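The values are calculated or read from the model by the stated rules, or taken from the named source; none is laboratory data. Just so you know, these numbers come straight off a predicted model, no measurement behind them. Neighbour counts are summed over all protein chains in view; Cβ atoms, including those assigned to glycine, are modelled from backbone coordinates with ideal geometry.
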Amino acid sequence: MPRYNPAVIEPKWQQYWEQNKTFRCPDLPDPKGRGKLYVLDMFPYPSGAGLHVGHPEGYTATDIYCRYWRMQGKSVLHPMGYDAFGLPAEEYAIRTNTPPRQSTEANIANFTRQLKMLGFSYDWDRCLATTDVEYFRWTQWICLVLFDTWYDHAQGKGRAIAELPIPAEIVAQGEIAVEKYRDQHRLAYQDDALVNWCPALGTVLANEEVIDGRSERGDHPVQRIPLRQWMLRITAYADRLLADLDSLDWSPGIKKLQADWIGRSLGAEVDFAIMPQGDWGNWLATRSRSGFPAGPDSQTLRVYTTRPDTLYGATYMVVAPEHPCVQRITTPELRSSVEAYVQSASFKSDRDRTEGDKKKTGVFTGAYAINPVTELPIPIWIADYVLASYGTGAIMAVPAHDTRDYEFAKTYGLEIIQVVEPKDATAEELRAIREGEICFADEGIAIHSGDFSGLATQEAKQRMTQWLSQRGVGRQAVNYKLRDWLFSRQRFWGEPFPILHELDADGKPNGRKRAVPVESLPVDLPHLEDFKPHGRPEPPLAKADDSWLYVELDGKSYRRETNTMPQWAGSCWYYLRFISPGSSTAMVDREQEAAWMPVDLYIGGAEHAVLHLLYSRFWHKVLYDRGYVTHKEPFQRLVNQGMILSYAYKDKRGALISGDSIHEDEQGCATHKETGEVLERIVAKMSKSLKNVIDPEGVVKEYGADALRLYEMFMGPLEATKPWSMQGVNGVRNFLDRVWRLMVDTRTEENQLLDGVQDVAPTAEQEKVIHATIAAVTRDVEQLSFNTAIARMMEFVNYFTKEEVRPVQAMETLTLLLAPFAPHLCEELWAVLGHSSTLAYEPWPVFDPQKLKAAAVEIPLQINGKLRAKMTVSADCSPEELEQAARSHDRLAELLEGKQIVKAVVVPGRMVNFVVK
RNA sequence: GUCGCUGUGGCGAAAUGGCAGACGCAUUGGACUUAAAAUCCAAGGACCCUUAACAGGUCGUGUGGGUUCGACUCCCACCAGCGACACCA
């Protein structure tokens, strides 16, 4: 008996779709249609390993959604492309000594072949790669927009640099000063920053690419060194990136992840007067008691705190080792120990700083500051638990109410003064806090705080901030964890910066920069014989021929910027290019952008919850401010697919066993091939070392693309993490066979309609099944609840398998409902059912609520919430009738005999519950 | 350490205040077959009592409390697993 053969059917329909351009998307949505839908997948990095099973998970989900909405009459934009710049390609190129473009193109070809094998309904004419010269021409163009934009905090938006007001005193200093002033305000600017330098990769990395002091890619150690780098002023947009999250249809979890990354906090800045060295007594006697000098100058140390209410408890201060005041305030006696500490801190990687128990270390500077409320001198310390890059790089330490300060104070024997008391605590807890045995970091009631005593923390914060600003020694302040984005890399395989550095007559850069003229874009990568990093921060592009490196323009000489952009750059805006991939006059066609944006559904892995999505939103907002796009946010709805895991086995000692050494018997019991030990099955990430990686191409070859698609959707909810099971794949493949046999006569080699499939009207019961299935599948697909939609279709097939006569109408309905999930099989069935063209645009079946109504329903009868009996009544039975029927039900009446009914709960059409005593 | 997610049969899961375990995998039985595979049909949470059988009862959604006529679902506390962040003052 011939089974349905995907190896023949699937390529046949893939060819059909390609030749007929079935899924070509029009430039603009069809005005006569039911609106537009832009559905986007996170485009893959085309690695040499090819697709893994995680790719088809999200891609199948979006494909089903798109195919469904096409049948519902929407114009659907559903593109695919490749994020192809980046380190792995370059590492591979270095290893094999081939140009990165060559391996990248081979990998893209392989990915495209594999994706097409899965039957996704992309408009392949829109396919792009970030490495296409015509693509990165516009990446460079956006880079120039960033270079040409400054953030106007008064208006709350980015504006052209030409509109930046220049203060008169700067104008007076001449043209160079004006240019410098502009450079200081650009969204893309160069700065001497402490950067994460990774010698092994030969490049600097963004904070986000450094995990525990090691590179995210390759796990190499990272050092902090000062280096002149390109930065993007994402911090200017922190407020808007946070506020606009509200308008997005994203999961609360992802929103929170982004919000936490932006890390907005409201607090106060406080200026502490530094006591001059030497004649302290005299200074104390002569200074004014009415206040301290305002602003950070040589006399004051400015801190940021979120707990100004604890100011009375500030018993010492700490500045970061990199803080500029360190040199100035350190007393001569302590200079050597301070310098030694600063030295050692700078050599420490972030890893070293956070490693181990994180024992707090620090040294005393010898200097003192005055606590503005107690007016008592407090010592100033240096410690690396205070970060130079957050707030002001200095803190007031309140050991009684901050766990880090507490730990530090305990280590160095510093004073601990309690100034907040918990609202409700046991006497023992109160005593422990009072005596400094534990640290109380929560909110409570202020004590020992002068006029502020008795105030609740929130109130005390406000009043203290007010008090400070009245005296000019403090003010309300907002801080963000978000830092500016380090945007340059010292690697070959990335977009060159479209920036030129002006050279003086002697060939030395004079510090003036200019943008490459737009008409000269793109700046292509030069040909380099040797593009290896050499462990020094000088980028590989500096080794290019002079003909690339040096440019004459308007009678001046320039040297090209030799840094390249990070891999994130290309993925920041690819969703825009998909809208008009061929446009040679703009990054995106205005009319088309307005018509298609925003992205209605964006599906991808949660690993991009912070970086890619934040960077993209930032660029989009800049483009919005500058009038190049029409929406504030790019991605209206975001869904994160769950990770697909695999089974792994471990022995009694907990050691993981490689797939090679495992023998599995028919009962599914796994033993070690050599030792015979019975192994425990666990769920783990797929990994090469465990040899439990599932190759999607192999699954397609064995079971077919439709089976792979259907299985990945049937495994569980899209967003859940779930383990792969080959038996499960076999199960859905069986289902597809059952669908095939439901309609096709398998006794002959020809695909002929089964005799039982007849053009007759369905019975009332069959109609109920048909319409219930349409209703459930429609709702489930719209909610991306694909696993339950498939279950409903399985029930449908189980039902009709038992029916001898299978109305054509029922079979056509099933074919259309299943088509988004298993498109190849359904196209073939559609043809067998007598249709001559694709079902991709057939109207989606409509359900009739009338036909869903059952004449009779079974009602559970409960006593005290426990199920006691069931009865069948007519569906339109009134509550009174229902209760009466329940009371007179034989079994129930027997159980109710002699009991007093306190209450009867009657839910029409659902249940009856008697509460008895 | 902080935050988040998850916890339901042998396994993947469904049900989000109203009959727990839909659907699928694996299992078992039956039909078909010389036989096997494939296919079709059927059974199945645990325990108890009774029985030839039908039926009946108790317990059951990580643990302990609570709200409710009624809780897998809502609230509180805890435990376990996974993930993210990790000195952000």
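Assorted remarks:
- When residues of the range A:198-212 are limited to those that are of a type outside the set (D, E), in contact with a Ser or Thr (Cβ under 8 Å, 6 or more places away or on another chain) and buried (at least 18 other Cβ atoms within 10 Å of the Cβ), the one modelled with the lowest pLDDT: A:L205
- Residues that are of a type in the set (V, I, T) and in contact (Cβ under 8 Å) with a residue 60 or more places away in the chain number at least 3 in the following helices (runs of 4 or more DSSP H) confined to the range A:1-118: A:54-71.
- A:G756 vs. criteria more than 14 Å from RNA strand B (Cβ to nearest atom) and surrounded by 15 or more Cβ atoms within 10 Å (Cβ to Cβ): no
- Residue that is farthest from A:G728 (Cα to Cα), among those in the range A:793-811 that are free of Cβ contacts under 8 Å to residues at least 60 places away in the same chain and buried (at least 21 other Cβ atoms within 10 Å of the Cβ): A:P807
- Residues that are within 16 Å of RNA strand B (Cβ to nearest atom) and within 14 Å of A:I662 (Cβ to Cβ) within the range A:681-692 comprise A:R681, A:I682, A:A684, A:S689, A:L690, A:N692, listed in sequence order.
- Residues that are within 7 Å of RNA strand B (Cβ to nearest atom) and crowded, with 22+ Cβ neighbours inside 10 Å were ranked within the range A:378-390; the one that is nearest to the chain's Cα centre (by Cα) is A:V386.
- Just one of the listed residues (A:A93, A:A106) is under 28 Å from A:P540 (Cα atoms) and surrounded by fewer than 20 Cβ atoms within 10 Å (Cβ to Cβ), and it is A:A106.
- Positions within the range A:682-724 being aromatic (F, W, Y) and part of a loop (DSSP other than H, G, I, E, B), in sequence order: A:W724
- In the range A:401-427, residue farthest from the chain's Cα centre (by Cα) [restricted to those that are under 16 Å from A:Q458 (Cα atoms) and either part of a loop (DSSP other than H, G, I, E, B) or of a type in the set (F, W, Y) (or both)]: A:V419
- Identification of strands (runs of 3 or more DSSP E) wholly contained in the range A:839-917 with 1 or more residues that are more than 51 Å from the chain's Cα centre (by Cα) and either of a type in the set (K, R) or away from RNA strand B (no atom under 11 Å from the Cβ) (or both) yields A:866-874, A:901-907.
- With respect to (1) more than 7 Å from RNA strand B (Cβ to nearest atom); (2) at pLDDT 90 or above; (3) farther than 21 Å from A:S344 by Cα; (4) surrounded by fewer than 23 Cβ atoms within 10 Å (Cβ to Cβ), the lone exception for A:T411 is condition (3).
- Restricting attention to the range A:696-717, the residues that are within 23 Å of A:G253 (Cα to Cα) and near RNA strand B (Cβ under 9 Å from one of its atoms) add up to 3.
- Test set (1) away from RNA strand B (no atom under 16 Å from the Cβ); (2) in contact (Cβ under 8 Å) with a residue 12 or more places away in the chain - A:Q184 fails condition number: (2)
- Residue within the range A:421-437 that is in contact (Cβ under 8 Å) with a residue 40 or more places away in the chain and within 14 Å of RNA strand B (Cβ to nearest atom) present: no
- The lone exception for A:Y480 - which of (1) surrounded by 18 or more Cβ atoms within 10 Å (Cβ to Cβ); (2) of a type outside the set (A, V, I, L, M, F, W, C); (3) more than 24 Å from A:G570 (Cβ to Cβ); (4) without any contact (Cβ under 8 Å) to a residue 40 or more places away in the chain it fails: (4)
- Members of the range A:356-377 that are under 10 Å from A:M275 (Cβ atoms) and either within 15 Å of RNA strand B (Cβ to nearest atom) or modelled with pLDDT under 90 (or both): none
- All conditions but one from (1) more than 26 Å from A:P566 (Cα to Cα); (2) modelled with pLDDT under 80 apply to A:S215; the one that does not is (1).
- Residues located in the range A:230-265, provided they are within 16 Å of RNA strand B (Cβ to nearest atom), in contact (Cβ under 8 Å) with a residue 40 or more places away in the chain, closer than 18 Å to A:N479 by Cα and small (G, A, S): A:A238, A:G263, A:S265
- Of the residues making up the range A:499-515, those that are touching a residue at least 24 places away in the same chain (Cβ under 8 Å) and in contact with a strand residue (DSSP E or B) (Cβ under 6 Å, 6 or more places away or on another chain) are A:I499, A:L500, A:H501, A:E502, A:L503, A:P509, A:R512, A:K513, A:R514.
- Among strands (runs of 3 or more DSSP E) entirely within the range A:138-223, having at least 1 residues that are touching a Pro at 6+ places or on another chain (Cβ under 8 Å) singles out A:188-198, A:203-205.
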